[in-house]
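Note sheet for the following structure.
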Amino acid sequence: MPADGSLRDFPGRRWLTVVLRSVHLVAVIWLGACLMAEPVGASVRAAHAWVTVSGVAMFAVDLWCHPGHLRERAGVAVLVKLALIAAMAILPRHALALFWIVVVWSAVVSHAPASFRHARVFGR
């Protein structure tokens with residue numbers, strides 16, 4: 001939580017984020033399976049779309065609840081992940097390597113100490 005206590009909330013937010021994170025994890029696993037198997041174009045595109053949509057939805061909830069999120073390392077880390085996901089679609093030959101970079105990046109940032117995740121990158 002940021003030091004200034006500037007969090008917003010709404011009824012059902014916790015369950016919404018639980019559902020979004022669950023859908024996102026299923027989509028990430030699906031995408032990884034598609035990339036490691038003999039990829040079928042339509043299946044990879046669908047998995048990629050679900051990963052993107054669920055990730056953007058979670059980010060939107062986070063931004064609504066904490067508008068300063070983009071000024072913190074955690075918010076910038078999400079933008080980097082979204083850029084890497086876009087690169088997977090643009091550079092399909094490198095999609096598997098980019099997939100693993102996103103997985104490791106996500107694990108490191110999400111499990112880093114709060115003082116690291118919420119450190120300001122931009123502004124005050």
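The values are calculated or read from the model by the stated rules, or taken from the named source; none is laboratory data. These numbers were taken from a predicted model, which means no experiment stands behind them. Cβ sites come from the backbone with ideal geometry, for glycine too, and all protein chains shown count toward neighbours.
Can you find a residue that is surrounded by 15 or more Cβ atoms within 10 Å (Cβ to Cβ) and either modelled with pLDDT under 90 or assigned to a helix (DSSP H, G or I) (or both) anywhere in segment 8-19? For segment 8-19, residues surrounded by 15 or more Cβ atoms within 10 Å (Cβ to Cβ) and either modelled with pLDDT under 90 or assigned to a helix (DSSP H, G or I) (or both): present. Only one of Arg93, Arg71 is among the basic types (Lys, Arg) and in contact with a Phe, Trp or Tyr (Cβ under 6 Å, 6 or more places away or on another chain); which? Answer to the check: Arg71.
Residue-wise test of (1) without any contact (Cβ under 8 Å) to a residue 40 or more places away in the chain; (2) surrounded by 14 or more Cβ atoms within 10 Å (Cβ to Cβ).
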| residue | (1), (2) |
| --- | --- |
| Val26 | yes, yes |
| Ala60 | yes, no |
| Leu70 | no, yes |
| Ala87 | yes, yes |
| His94 | yes, no |
| Leu98 | yes, yes |
| Ala107 | yes, no |
| His111 | yes, no |
| Arg117 | no, yes |
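Every residue, every condition in (1) of a type outside the set (D, E, K, R); (2) over 18 Å from Trp30 (Cα atoms), yes or no:
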position	(1), (2)
Arg71	no, yes
Ala74	yes, yes
Ala83	yes, yes
Ala86	yes, no
Leu96	yes, no
Trp100	yes, no
Val104	yes, no
Val108	yes, yes
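It is to be established whether one or more residues within segment 62-74 are at pLDDT 90 or above and over 26 Å from Gly12 (Cβ atoms). Yes: one or more hits. Taking segment 35-55 as the range and being at pLDDT 85 or above and buried (at least 16 other Cβ atoms within 10 Å of the Cβ) as the test, the residues that pass are Ala47, His48, Trp50, Val51, Thr52, Ser54, Gly55.
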